[in-house]
Amino acid sequence: MRTTDEIAAAVAADIPPGSFVNLGIGQPTKVADHLTTESGVVLHTENGMLGMGPAAEPGHEDWDLTNAGKQAVTELPGAAYFHHADSFAMMRGGHLDVCVLGAFQVSVTGDLANWHTGAPDAIPAVGGAMDLAIGAKQVFVMMTLFAKDGSPKLVEACTYPLTGLACVTRLYTDLATFELGPDGARVLTTYGVEVGELAERLGLDL
Amino acid sequence: MRTAFLDTPDEAVADVADGATVLIGGFGLAGMPIALIDALIRQGAGDLTIVNNNAGNGDTGLAALLAKGRVRKMICSFPRQHDSWVFDDLYRRGAIELELVPQGNLAERMRAAGAGIGAFFCPTGVGTPLAEGKETREIDGRTYVLEYPIRGDVALIGALRADRAGNLVYRKTARNFGPVMATAATTVVAEVRELVEIGGIDPETVVTPGIFVDRVVVP
């Protein structure tokens, strides 16, 4: 079984050098810790920046320089700022190579549900998730394979409200990495579990 | 018409009408025109529709306007945040309407309004609850959703610097929605940190040209 840091490292290792990449809020931000300068990967933040650097040191925050999670960040040499319509044109127009998102559920054909649990008292919030899901050339998801209540998060069909259809290409989890597509889920690697046992626990043909 | 330079934020928002649609710049607090919002609170207009990425943070700026009960409807992409207690309470009490719009659509719908585009087909949200009931079309094998412009009666934006021609530059990620909102409202008011003479901004670096800016105020 992999830790979140190990999952993040695996995602980072699969990002092609020189890619423009958007890391979603939450766990995906950990991927940045595993990207080397030599990789030449440039981070995009949808509030309007390319060349985003690490979080600002406490006491040195500049609140005009924040990431999509509204945390103070820093700029790297070669950074660029732009307005929101340009920022989302970078996604929708197919200029962004990879985005890494978290998820509540992912279907075997790559449908993504990550913005709303559908609970009646929940206040819905979508942000840029739908634009990223359909815009980035490759959408990677990192998550635990099972929810806290034990239910599988890789499913035949999502029951939570969808973020995007057939958009996730790779799924990185604590127990396995999957390739997703029109033909369903294919296991690439497993961690501490056999494929047969995994298929049984998920109730899926793998 | 050429940009007017006003002495106080109060003058700059004096004519905002009840029922107006007000585009408010900022992503969280970055780029939020706090002095203009405070002036709008003092001015007293109500029954407003507010367009912003969020629905207020903490108790200042947009959150303060919401807390006064002046807002009938929020159009935004991400209302729920760790510090959005003012909106959360209004929403749970059914005291405010919410139109949830994916962030890129929010920007593009205002861009369309500002560019005179009647509507556009967009791939964002296809097959999701946020596209339900909307017209779709298949173009070159891909499905798109028809989205309409969002136009404001007023835009309140924050920028770093204006010159006496009304040209604006912004600072870092505080730029966010400012340049798009500046194109998309009948009256555009910019709150800037400094005002410089003509020639004080290199024409090559102007982000929002003065044609889009009606009023400038240095709080």
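Read-outs: derived from the displayed coordinates by stated rules, not from any lab. In this text, all values refer to a predicted model and were calculated from it rather than measured experimentally. Methodologically, a virtual Cβ is constructed for each residue, glycine included, from the backbone with ideal geometry; neighbour enumeration extends over all protein chains shown.
For the stretch A:15-68, the list of GluC sites (Glu not before Pro) that fall in a loop by DSSP and count at most 16 other C-beta atoms within 10 angstrom reads A:Glu61. The magnitude of the dipole of the stretch A:4-202, with charges of +1 and -1 set on the Cβ of Lys/Arg and Asp/Glu and taken from the Cα centre, is near 360 debye. With θ taken as phi - 60° and the Karplus curve 6.51 cos²θ - 1.76 cosθ + 1.60 applied, the whole-hertz 3J(HN,Hα) list for the stretch B:161-170 is 8, 10, 9, 6, 9, x, 6, 10, 10, 10 Hz, x standing for glycine and proline.
Give the angle, between 0 and 90 degrees and rounded to the nearest 10, that separates the Cα long axis of helix A:4-14 from the longest principal axis of the Cα atoms of chain A. Approximately 80 degrees, to the nearest ten. What does the structure give for B:105-112 when I average, per residue, the other chain Cβ atoms found within 10 Å of the residue Cβ? Averaged over the peptide's residues, the number is 5. Packing here is the average count of other Cβ atoms within 10 Å per residue, and on that basis the peptides A:150-157, A:7-14, A:115-122, A:99-106, highest first, run A:99-106, A:7-14, A:150-157, A:115-122. Put a plus charge on the Cβ of each Lys and Arg, a minus charge on the Cβ of each Asp and Glu, and nothing anywhere else: the dipole of the protein assembly as shown about its Cα centre is then about 600 debye. Under the simplified labelling scheme, the A:Thr4-B:Ile117 pair shows an inter-label distance of 3.7 nm, with each label point 7 Å from Cα along Cα→Cβ. Between the stretch B:111-190 and the stretch A:148-181, the C-alpha centres lie 32 angstrom from each other. Express the Stokes-Einstein translational diffusion coefficient of chain B in µm² s⁻¹, to the nearest whole number, given a Kirkwood radius over alpha-carbon pairs, 37 °C and a viscosity of 0.692 mPa s. Once the numbers are plugged in, D ends up at 186 µm²/s.
With no solvent and one equal point scatterer per Cα, compute the Debye intensity ratio I(q)/I(0) for the stretch A:4-202 at 0.08, 0.10, 0.13, 0.14 Å⁻¹ and report its log10, rounded to two decimals. Here the Debye-derived log intensity ratios amount to -0.27, -0.42, -0.70, -0.81. For peptide A:42-48, the mean count of partner chain Cβ atoms within 10 Å of a residue's Cβ comes to 5. Summarising the amide proton neighbourhood of B:Asp163: residues at separation of 5 or more, or on other chains, whose placed amide H is nearer than 5 Å comprise B:Val196.
Modelled spin labels at A:Glu57 and B:Ile211, positioned 7 Å past Cα toward Cβ, are 4.6 nm from each other. Taking the charge dipole of the stretch A:4-202 about its Cα centre, with +1 at Lys and Arg Cβ atoms and -1 at Asp and Glu Cβ atoms, the residue from A:Ala68, A:Gly135, A:Ala13 reaching farthest to the positive side is A:Gly135. With the convex hull drawn around the C-alpha atoms of the protein assembly as shown, the volume per residue stands at 148 Å³.
Suppose only helical runs count, i.e. DSSP H with n ≥ 4. What mean residue ellipticity at 222 nm does that imply for chain B under -39500 (n - 2.57) per run, divided by all residues and rounded to the nearest 500 deg cm²/dmol?
Values: 6 runs with 45 residues, N = 219.
Estimated from H runs of four or more residues: -5500 deg cm²/dmol.
Amide hydrogen proximity for A:Thr74: with H placed 1.01 Å from N in the peptide plane, the residues at 5 or more positions away or on another chain lying under 5 Å are A:Gly53, A:Ala56.
Taking each residue of B:192-203 in turn, how many C-beta atoms of other protein chains fall within 10 Å of its C-beta, and what is the average? Kindly include the intermediate steps, with their values, before the conclusion.
Details: counts 0, 0, 0, 0, 0, 0, 0, 0, 0, 0, 0, 0.
Mean partner shielding for this stretch: 0.
Efficiency by 1/(1 + (r/R0)^6): what FRET value for B:Glu204 and A:Thr159, r their Cβ-Cβ distance, R0 = 56 Å, to the nearest 0.05? Numbers along the way, then the final one.
On the way: r = 53 Å, r/R0 = 0.94.
That pair, B:Glu204 with A:Thr159, gives E of 0.60.
Between A:Gly164 and A:Leu112, the built amide H atoms are under 5 Å apart, and every one of these is 5 or more places off in sequence or on another chain. Of the beta bridges in chain B, as assigned by DSSP with both residues counted there, near 25 percent are antiparallel.
Spacing of the modelled spin labels on B:Glu11 and A:Ala122, each 7 Å from Cα toward Cβ, amounts to 5.0 nm. For the stretch A:168-179, putting each phi into the Karplus relation 6.51 cos²θ - 1.76 cosθ + 1.60 with θ = phi - 60° gives couplings of 7, 9, 10, 10, 10, 10, 5, 9, 6, 10, 10, 9 Hz, in residue order, rounded to whole numbers and with x for Gly and Pro.
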